[in-house]
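Colleague: Handing you this structure, nothing more for now.
The values are calculated or read from the model by the stated rules, or taken from the named source; none is laboratory data. In this text the structure is predicted, and so the values were computed from the model without any measurement. Cβ: placed from backbone, ideal geometry, glycine included. Neighbour counts: every protein chain shown. SASA here: full protein model, heavy atoms, side chains in, ligands and nucleic acids out. Shrake-Rupley method; radii C 1.70, N 1.55, O 1.52, S 1.80 Å.
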Amino acid sequence: MIETRTIDVPSPEGTQPIAVHTCGQGPLAVLIHGFPLDHRMWHGVMQGPLAQRRTLCAIDLRGHGQSPGEGDVFSMEQLADDVAAVIRQLGEGPLDEGPVDVCGLSMGGYVAFALHERHPECIRSLVLTNTRAMADTDEQRAGRDAGIATAREQGAEAVADAMLPKLLPEGASETLVARIREMIVQTPVATIVADQRGLQRRPDRRAALAGIGKPSLVIVGEHDAITSREEAEEMANGIPGATLAVIAGTGHMSPFEDPAQWSDAVAKLWQ
Ligand code: MLT
């Protein structure tokens, strides 16, 4: 059973409530969703065998899911500070006492990089799934400006229409498509805009890969249309001791599309 609660974390604007959704047993693992989604993308993983090994905690980043949030820019650093504050508060409770396992998908992976840079003491191990260490190219930044205009002028439905073909591979089931669409259309336009501004400004983290001294696993979907296998290989080669897993038959949302295969790969890291 998934238990939901809200944790108040300190923020430059005052207190920021962050909703966390927890199940399972054992040491704590934090799951960070992608853009413009929420904790529900982890439901399949949370209902699977990893919950026998870890207390799985899926966070709704500020402005997403059940976490409110306002602001013009959600920087990866701000989102990482929120996650670190959640980890510290959970660590003071009965769940766990030390650093935690961190999994981030795509934007969640960018947040995990910022978390490692700013709060490495929070991290026991890293799963970087369907993500990249590179900053945006000029073309990608321009694409995000176009995405912001679409969101403002046509709303989140139009954002879902534009993103779905990139998030899921051709032939994805109607159920999966409907569940992703639901998450996107329920994300406030202000959040979509603030995320895009933060994503545009994120730094290139490739030079930092060699300094990641935590057990790490890089995962990519075989048909991921947003992050490529080459980028995943570059990350896995750059992080000392990291391994790479390719999730067959999946696109950008590998833990959502095939939680069993994804969980098998992660279980090897969490032995
Ligand atoms: C995500 O899935 O979080 C986004 O595709 C990240 C991005 O746009 O770079």
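Colleague: From the set of residues in the range 200-209 that are part of a helix (DSSP H, G or I) and touching a helix residue (DSSP H, G or I) at 6+ places or on another chain (Cβ under 6 Å), which is farthest from the ligand (Cβ to nearest atom)?
Modeller: Leu209
Colleague: Continuing with the same structure: What's the total number of residues in the range 106-150 that are surrounded by fewer than 22 Cβ atoms within 10 Å (Cβ to Cβ), part of a helix (DSSP H, G or I) and of a type in the set (A, V, I, L, M)?
Modeller: The total comes to 4.
Colleague: Still on this structure, I have one more. Which condition number does Glu77 fail, the rest of (1) open to solvent by less than 10 Å² (accessible area, probe 1.4 Å); (2) charged (D, E, K, R); (3) part of a helix (DSSP H, G or I) being met?
Modeller: Answer for Glu77: the failing condition is (1).
Colleague: Find all pairs meeting these conditions: Cβ atoms under 6 angstrom apart; at least six residues apart or on different chains; first residue within the range 26-40 and closer than 18 Å to Ser216 by Cα; second residue assigned to a loop (DSSP other than H, G, I, E, B) and more than 14 Å from the ligand (Cβ to nearest atom).
Modeller: Sorted first by the residue in the range 26-40, then by its partner, the pairs are Pro27/Arg54; Pro27/Asp96; Leu28/Leu95; Leu28/Asp96; Ala29/Arg54.
Colleague: Tally time: how many residues in the range 190-218 are buried (at least 21 other Cβ atoms within 10 Å of the Cβ) and out of contact with any Gly (no Cβ under 6 Å at 6 or more places or on another chain)?
Modeller: 10
Colleague: For the list (1) of a type outside the set (Ser, Thr, Tyr); (2) touching a residue at least 40 places away in the same chain (Cβ under 8 Å); (3) in a loop (DSSP other than H, G, I, E, B); (4) open to solvent by 50 Å² or more (accessible area, probe 1.4 Å), I need the number of the one condition that Gly171 fails.
Modeller: Against the list (1) of a type outside the set (Ser, Thr, Tyr); (2) touching a residue at least 40 places away in the same chain (Cβ under 8 Å); (3) in a loop (DSSP other than H, G, I, E, B); (4) open to solvent by 50 Å² or more (accessible area, probe 1.4 Å), Gly171 comes up short only on (2).
Quick grid of which residues meet (1) within 13 Å of the ligand (Cβ to nearest atom); (2) closer than 30 Å to Pro68 by Cβ; (3) among the aliphatic types (A, V, I, L, M); (4) free of Cβ contacts under 8 Å to residues at least 40 places away in the same chain:
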{"residue": "Thr191", "(1), (2), (3), (4)": "yes, yes, no, no"}
{"residue": "Ala194", "(1), (2), (3), (4)": "no, yes, yes, no"}
{"residue": "Arg197", "(1), (2), (3), (4)": "yes, yes, no, no"}
{"residue": "Ile212", "(1), (2), (3), (4)": "no, no, yes, no"}
{"residue": "Leu217", "(1), (2), (3), (4)": "no, no, yes, no"}
{"residue": "Glu230", "(1), (2), (3), (4)": "no, no, no, yes"}
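Colleague: Could you say whether any residue in the range 256-264 is touching a residue at least 24 places away in the same chain (Cβ under 8 Å), within 16 Å of the ligand (Cβ to nearest atom) and not hydrophobic (A, V, I, L, M, F, W, C)?
Modeller: yes
Colleague: When you look at Asp161, is it surrounded by fewer than 21 Cβ atoms within 10 Å (Cβ to Cβ), within 16 Å of the ligand (Cβ to nearest atom) and not in a helix (DSSP H, G or I), yes or no? Steps first, answer last, please.
Modeller: Values: surrounded by fewer than 21 Cβ atoms within 10 Å (Cβ to Cβ): yes; within 16 Å of the ligand (Cβ to nearest atom): yes; not in a helix (DSSP H, G or I): no.
Against the criterion (surrounded by fewer than 21 Cβ atoms within 10 Å (Cβ to Cβ), within 16 Å of the ligand (Cβ to nearest atom) and not in a helix (DSSP H, G or I)), Asp161 does not qualify.
Colleague: Out of Ile184, Ile239, I need the residue that is within 13 Å of the ligand (Cβ to nearest atom) and either modelled with pLDDT of 95 or more or touching a Leu at 6+ places or on another chain (Cβ under 8 Å) (or both). Which one? Lay out the reasoning, then the answer.
Modeller: Numbers: Ile239 fails: within 13 Å of the ligand (Cβ to nearest atom).
Within the list Ile184, Ile239, the selection yields Ile184.
Colleague: Next question, about the same structure. Just give me the residues in the range 219-266 being in a helix (DSSP H, G or I) and either open to solvent by less than 20 Å² (accessible area, probe 1.4 Å) or among the polar types (S, T, N, Q) (or both), in sequence order.
Modeller: Answer for the range 219-266, where residues must be in a helix (DSSP H, G or I) and either open to solvent by less than 20 Å² (accessible area, probe 1.4 Å) or among the polar types (S, T, N, Q) (or both): Ala232, Met235, Ala236, Asn237, Ser254, Pro255, Phe256, Gln261, Trp262, Ser263, Ala265, Val266.
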